[in-house]
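In what follows, a structure is listed as structure tokens, so that the remarks can point back to it.
The values are calculated or read from the model by the stated rules, or taken from the named source; none is laboratory data. Note that the coordinates shown come from a computational prediction; the quantities given were computed from them, not determined experimentally. Methodologically, a virtual Cβ is constructed for each residue, glycine included, from the backbone with ideal geometry; neighbour enumeration extends over all protein chains shown.
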């Protein structure tokens, strides 16, 4: 029998009280202790994706949302007032971790850790079923983007599998986005998508099915990592999961049989893979460049092609990549900390964002697309010398939120 959620939460709290008094023990006679409390009232500490820890917010708090909505509105208004306004392509707003909708690892498991103590024990997060509060939060933000934001630029939302909730949230959110005129996409295109589709299973984030059921104006896909030219499994980590780029591009744009019913029409490809294709200085160019160039050219006849997170210190991107006719634009970060470095109520500071946009326009980018992040996937060094994320809080594992916000969220 499935008990009501409120009953379960009350039971957990009652157990925590009992165990905190030392009157309850586990089956092996070892006393149980309640999970430690989160670091602050509206943020806590979770594991990041790089083996460290990071401070992460309670996205569902009114305090967080009111500040974030103000920042998003200010961003759109600022972009539209600038001389480069016509160069802005689309904006993908991160509603959870990164530019996506995900929750931190451990939010629903590891009940002796502060991540669980915040998201599940204190804030009561649940995700997957239509009435769960994470679904409600995401739907509310998408509806706000449609009803209030009034963006002159297309706005995208992510559909990525939620940690410990699978694709149920994606299946819930895609029709909400479609009904509100918000485009969506998945930032996890990888070799296993091909295998899953060919065996009748869901692709990552269920994009193979959702693009067909609820076709958005922009059907965006991003590879989960830079590719592994040598083949699936020949590299480690996300690079190994991604596999070689050519078959992924062919599959995502419907060039293979069986073909996905509604292919992607916008692809975000890591800049390193563009260098494999076009940069004679790249170590993989001689062996794999020709195959990558052919695959990119074929995909470009079906989809717009974006250079993902180009390294501003790598001059070869401007020299060899951006002049290519296959390149539609670049995708760069806008971290919340970039525009609000001083504190609540102070004027927004656009210097980091403007400098980054203008750099790539000057380098030859036809369009600049923005990923607006409130939370990163990890990293402790926020680069105090300047640039994207440099106004974040060093040592937090999250450079996208300004230091003052952690104080406010207490």
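Let's see how each residue does on (1) surrounded by 21 or more Cβ atoms within 10 Å (Cβ to Cβ); (2) in the same structural domain as residue 90 (by TED's automatic domain parsing); (3) farther than 29 Å from residue 105 by Cβ; (4) at pLDDT 95 or above:
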site: 294; (1), (2), (3), (4): no, yes, yes, yes
site: 327; (1), (2), (3), (4): yes, yes, yes, yes
site: 365; (1), (2), (3), (4): yes, yes, yes, yes
site: 374; (1), (2), (3), (4): yes, yes, no, yes
In region 257-266, residue farthest from residue 209 (Cα to Cα) [restricted to those that are touching a helix residue (DSSP H, G or I) at 6+ places or on another chain (Cβ under 8 Å) and either surrounded by 18 or more Cβ atoms within 10 Å (Cβ to Cβ) or touching a residue at least 60 places away in the same chain (Cβ under 8 Å) (or both)]:
258
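How about region 180-290: which strands (runs of 3 or more DSSP E) wholly inside it have at least 2 residues that are farther than 22 Å from residue 322 by Cβ and assigned by TED's automatic domain parsing to the domain that holds residue 323?
Details: elements: 183-189, 219-223, 266-270.
By residue number, 183-189.
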Say whether the condition of being crowded, with 18+ Cβ neighbours inside 10 Å, modelled with pLDDT of 70 or more and assigned to a loop (DSSP other than H, G, I, E, B) is met by at least one residue in region 80-94.
yes
Only one of these is assigned to a loop (DSSP other than H, G, I, E, B), in contact with a strand residue (DSSP E or B) (Cβ under 6 Å, 6 or more places away or on another chain) and either free of Cβ contacts under 8 Å to residues at least 12 places away in the same chain or surrounded by fewer than 23 Cβ atoms within 10 Å (Cβ to Cβ) (or both): 153, 125. Name it.
153
Mind checking which residues of region 95-122 are crowded, with 19+ Cβ neighbours inside 10 Å, in contact with a helix residue (DSSP H, G or I) (Cβ under 8 Å, 6 or more places away or on another chain) and on the phi > 0 side of the Ramachandran plot?
106
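For residue 109, state whether it is in contact (Cβ under 8 Å) with a residue 24 or more places away in the chain and over 27 Å from residue 222 (Cα atoms). Quick ask: steps written out before the conclusion?
Values: in contact (Cβ under 8 Å) with a residue 24 or more places away in the chain: yes; over 27 Å from residue 222 (Cα atoms): yes.
In short, yes.
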Sole exception among (1) part of a loop (DSSP other than H, G, I, E, B); (2) farther than 28 Å from residue 74 by Cβ; (3) in contact (Cβ under 8 Å) with a residue 40 or more places away in the chain; (4) within 21 Å of the chain's Cα centre (by Cα) for residue 130, by number:
(4)
